[in-house]
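Asker: Below are the structure tokens for one structure; questions will follow.
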Amino acid sequence: MKIKWFGHSCFMITSDNGTRIIIDPYKNMLGYKLPKDIEVEIVVTSHDHGDHNYIEAVEGNFVHINKTGSFLEHGIEIKGVEAFHDKVSGAKKGKNIVYNFAIDGIKLCHCGDLGHTLNADLVKEIGLVDILLVPVGGGFTIDAVDAVEVMNQLNPTVVIPMHYRTKALGPMGLAFAKVDKFIAASGLQAKEYKELELNSTNIIDYSGITLLKYD
């Protein structure tokens, strides 16, 4: 599979058979900009905020998944698990969906705007995770310390941070911490790639923290 980061919490996942998934597309209001003419087969959104659910950025015919449950689309298994955008069961910021995808024999989990660490029931419901896409910037989501706890709870092989301060954000970036805090708290080494391409055989070669560049 190929994994491309479009900034914030938005990723394009392309399976070996060419199925394309975009997760949490955003309005061009953050400093990031999505490519034009995005075409995919599946759009997945974790919650109804404009920086995560702007499906109007996507063209063509696609399946939109924005709820909890189990789904099978284009040979890809998708499980949506209910979580929250804050530490008070959604009372402040509402609900959030954590998605776990089974793609090419790999389990990839996208945490959306997760606002809390996990309890044992939620860890069990999410299930096995090989690749974890986790917010680390705090402010609107879990911070670096909580993100490390979530990482340890799910025990992935590869961790890809998201939702943190970058130069592209401009003044908006001050609301987020830099990714350095997460890397330091994790105690793991980080490697940077423009795009990640891996499979169930070589995934171990990418173990640790992977930073994806925003173009």
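Each reported figure results from applying straightforward, stated rules to the coordinates on display, with no laboratory input. Bear in mind that the values here come from a model prediction, so they are computed numbers and not experimental data. So basically every Cβ, Gly included, is an ideal-geometry build from the backbone, and we count neighbours across all protein chains shown.
Asker: If the only charges are +1 at each Lys and Arg Cβ and -1 at each Asp and Glu Cβ, what is the size of the charge dipole of region 1-88 around the Cα centre, to the nearest 20 debye?
Answerer: So the dipole magnitude of region 1-88 works out to roughly 240 debye.
Asker: Still on this structure: Compute the distance from the alpha-carbon center of region 93-117 to that of region 1-66, in whole Å.
Answerer: So the two Cα centres are separated by 14 Å.
Asker: Per DSSP H run of n ≥ 4, the term is -39500 (n - 2.57); total these for the chain, divide by its residue number, and report the mean residue ellipticity at 222 nm rounded to 500 deg cm²/dmol. Provide the component values of the computation, followed by the final result.
Answerer: Values: 3 runs with 26 residues, N = 215.
Result for the chain, helices only: -3500 deg cm²/dmol.
Asker: Among Phe62, Gly208, Val40, whose Cα projects farthest towards the positive end of the dipole of the chain, with charges put on the beta-carbon of Lys, Arg (+1) and Asp, Glu (-1)?
Answerer: In the chain, that residue is Gly208.
Asker: For the chain, what does the relative contact order come out to in percent, with C-alpha contacts under 8 Å and a separation of six or more? Intermediate results must be reported in sequence, preceding the final value.
Answerer: Numbers: 518 pairs, mean separation 35.9, N = 215.
In percent, rounded to a whole number, it is 17.
Asker: Of the options Pro171, Asn199, Leu128, report the single residue whose Cα projects farthest towards the positive end of the charge dipole of region 88-215 (beta-carbon charges: Lys, Arg +1; Asp, Glu -1).
Answerer: Pro171
Asker: How large is the dipole of region 2-212 about the Cα centre if only Lys and Arg carry +1 and Asp and Glu carry -1, each at its Cβ, rounded to the nearest 20 debye? Walk me through the numbers before you get to the answer.
Answerer: Working: 20 positive and 26 negative charges, 121 e Å.
So the dipole magnitude of region 2-212 works out to roughly 580 debye.
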